[in-house]
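Scroll down for the structure; my scribbles are underneath it.
Readers should treat all values here as calculations from the given coordinates under stated rules, not as data from a laboratory. Since the model is a prediction, treat every value here as computed from it, not as a measurement. Virtual Cβ from ideal backbone geometry, glycine too; neighbours counted across all protein chains shown.
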Amino acid sequence: MRIDASMHSLFGASKVAADVMVQEYGRYFGLPTVCFRGGCLTGPAHSAAELHGFLAYIARAIREGRTYRIFGYGGKQVRDNVHAHDVCTAMMAFAEAPRPGAVYNLGGGRANAISVLEAITAFEELIGERLVTEYVDEPRRGDHICYISDLSRLRADYPGWEVTVSLEQILDELARAGAPTLS
């Protein structure tokens with residue numbers, strides 16, 4: 001996605017700044033640096049919050065009887081999701097064969113993509129309870145309607161790495177184990 005002339009959150013802008021610094025240190029000094037541009041990273045120990053970690057937060061909201069606010073786009077915004085296990089194996093692959101100034105998208109790809117509405121339906125079925133929702137017409141500032149990671153560069157440089165935890169497994173884990181709650 002282009003970054004020029006588009007809205008970003010301050011969180012997103014800080015990620016861009018870190019990304020460029022990692023690349024420059026790698027290229028300038030020949031250091032084995034990597035920037036993994038993460039999609040939605042998740043897993044059973046994900047301490048999700050309302051605006052970050054939507055899968056774990058939906059599961060948490062259902063279990064705790066919280067109202068889940070859907071921000072804009074009719075709940076049709078799509079994200080790909082990658083399990084913490086697959087994030088770790090990507091990092092291990094890089095550590096075993098590092099490159100200077102490397103940059104890789106790291107997400108679940110198209111096979112692990114789901115919309116907010118689809119995720120709500122899936123968790124309601126898995127948990128057996130209905131989610132109370134509130135629709136907020138205004139989307140989050142800097143939010144994208146669809147984000148699916150292009151994993152081609154990561155797969156080209158590390159052909160032994162692949163997404164091993166499916167979306168169905170991720171949803172099942174989050175529904176069964178749930179994310180730890182924070183006060």
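Taking R0 as 35 Å, what FRET efficiency do you get between R27 and E50 from their Cβ-Cβ distance, rounded to the nearest 0.05? Once the sixth-power term is evaluated, E becomes 0.40. Using θ = phi - 60° and the Karplus relation 6.51 cos²θ - 1.76 cosθ + 1.60, list the HN-Hα couplings for the range 126-137 in order, rounded to whole Hz, with x at every Gly or Pro. Going residue by residue, I get 5, 8, x, 9, 8, 9, 7, 10, 10, 9, 10, 4 Hz, with x marking Gly and Pro. Relative to one another, the C-alpha centroids of the range 120-182 and the range 43-81 are positioned 8 Å apart.
A simple spin-label model places pseudo-atoms 7 Å from Cα toward Cβ; at F11 and D137 they are separated by 2.5 nm. Each of S166 and D150 was given a label point 7 Å from its Cα along the Cα-to-Cβ line. The distance between the two points is 2.8 nm. Its relative contact order, with pairs defined as Cα atoms under 8 Å and 6+ residues apart, puts the range 10-176 at 32 percent.
In this label model, A95 and L117 are separated by 4.2 nm, measuring between points 7 Å along each Cα→Cβ vector.
Residues whose amide H lies under 5 Å from that of T133, counting only those 5 or more places away or on a different chain, are Y68; hydrogens are built 1.01 Å from N in the peptide plane.
So what's the net charge close to A175: Lys and Arg +1, Asp and Glu -1, counting the other residues with Cβ under 15 Å from its Cβ?
Combined, the nearby Lys, Arg, Asp and Glu give -4.
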